[in-house]
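Participant: Take this structure first; my questions come after.
The values are calculated or read from the model by the stated rules, or taken from the named source; none is laboratory data. Since the structure is predicted, the reported quantities are computational estimates derived from the model, not experimental observations. Heads up, the Cβs are rebuilt from the backbone with ideal geometry, glycines too, and the neighbour counts pull from every protein chain shown. Just the protein is used for accessible areas: all its heavy atoms, side chains included, with ligands, DNA and RNA removed. Shrake-Rupley method; radii C 1.70, N 1.55, O 1.52, S 1.80 Å.
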Amino acid sequence: IRDRYNTFDDTGVSPSVNTLQPNKSYWFQSRYVSGVDRIAMLIPAPTYTVFVTSTTYTCALGGLVGADDNCQERSEALGAMVNGSYKAWLSATTESAAERLDHAGPYFGAKSENMIAANWDELTSGSLENAIAQNEFGSVFSDKVAWTATNPDGSQSPLNCNDWSFGAFDCCPSTHGDVGSPVNTAPAWTSGGYSSCNSNNHLICDQQC
């Protein structure tokens, strides 16, 4: 039976030269060692990706569902990206970002080792560890504006371009939506002013559990 399985044995090797592969199952056999009363196995916790879309959109998003679809589409544009579902960091009068997004973490940028926030509480604290300054391809940028209508704590802010449901030709300069500047780590990353609804802005996308 032993021959049917791969063997991972790091005896005498530091660190281990073997790597366990994701999305596979393993059996573990422990051996008694004199003087050792317990064995600890450290398994990395899951991480979640946050990125800014490389594409831009007017207010005609098709509501929150349409915005989420755009985030999912952009996440799938890069096959090597972390699998999973994505939703837009976006609020409307019907539902805030805090109510509709999974409270997870830690959050990292696409293809980045820089942690954005250790958990949901830090993500919504008003102060990020690092800016969300990467798009879905991992490319770094220096200046972007994203639709948010969301306060730093994840609650909805007042300007949402008619709940992002205007038609493609209905967006006009007289109506506005709240935006953020994701190159910031301060509250301005999500609450950085407003933009006319016919402007072309990005979306911030959060991976879900």
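Participant: Under a 5 Å amide H to amide H cut-off, with H placed in plane at 1.01 Å, what residues pair with G154 once short-range neighbours are removed?
Facilitator: Here nothing satisfies the definition.
Participant: Something else now. Taking a probe of 1.4 angstrom, what is the accessible area of S142 in Å², to the nearest 10?
Facilitator: Per-residue accessible area (S142): approximately 100 Å².
Participant: Where Rh is the Kirkwood radius over the Cα pairs of the range 52-209, the temperature 4 °C and the viscosity 1.567 mPa s, what D in µm²/s does Stokes-Einstein return?
Facilitator: My calculation gives 86 µm²/s for D.
Participant: Sticking with this structure for a sec: In nm, to one decimal, how far is the modelled label at D143 from the one at S127, with both set 7 Å along Cα→Cβ?
Facilitator: If labels sit at D143 and S127, their model points lie 2.8 nm apart.
Participant: Continuing with the same structure: Can you list residues whose amide H is under 5 Å from K144's amide H, if they're 5+ apart or on another chain and H is modeled 1.01 Å from N?
Facilitator: V183
Participant: Taking the Cα centre of each part, how many Å lie between the range 83-123 and the range 165-209?
Facilitator: 16
Participant: Can you work out ³J(HN,Hα) from phi for every residue in the range 110-119, in order, using Karplus 6.51 cos²θ - 1.76 cosθ + 1.60 and θ = phi - 60°, giving whole Hz and x for Gly and Pro?
Facilitator: Per residue, the Karplus-derived 3J(HN,Hα) values read 4, 6, 10, 9, 8, 6, 7, 7, 6, 6 Hz.
Participant: Residue by residue through the range 71-76, what is 3J(HN,Hα) from phi via Karplus (6.51 cos²θ - 1.76 cosθ + 1.60, θ = phi - 60°)? Round to whole Hz and write x for glycine and proline.
Facilitator: Values per residue, Gly and Pro as x: 5, 5, 4, 5, 5, 7 Hz.
Participant: What share of Cα pairs, in percent, lie more than 16 angstrom apart in the range 123-184?
Facilitator: On the way: 1062 of 1891 pairs.
Tail of the P(r) past 16 Å holds 56 percent of the pairs.
Participant: May I pose another question? Give me the extension gain from A104 to T56: residue separation times 0.36 nm, minus the current Cα-Cα distance, reported in nm with one decimal.
Facilitator: Full-extension gain reported as 14.7 nm.
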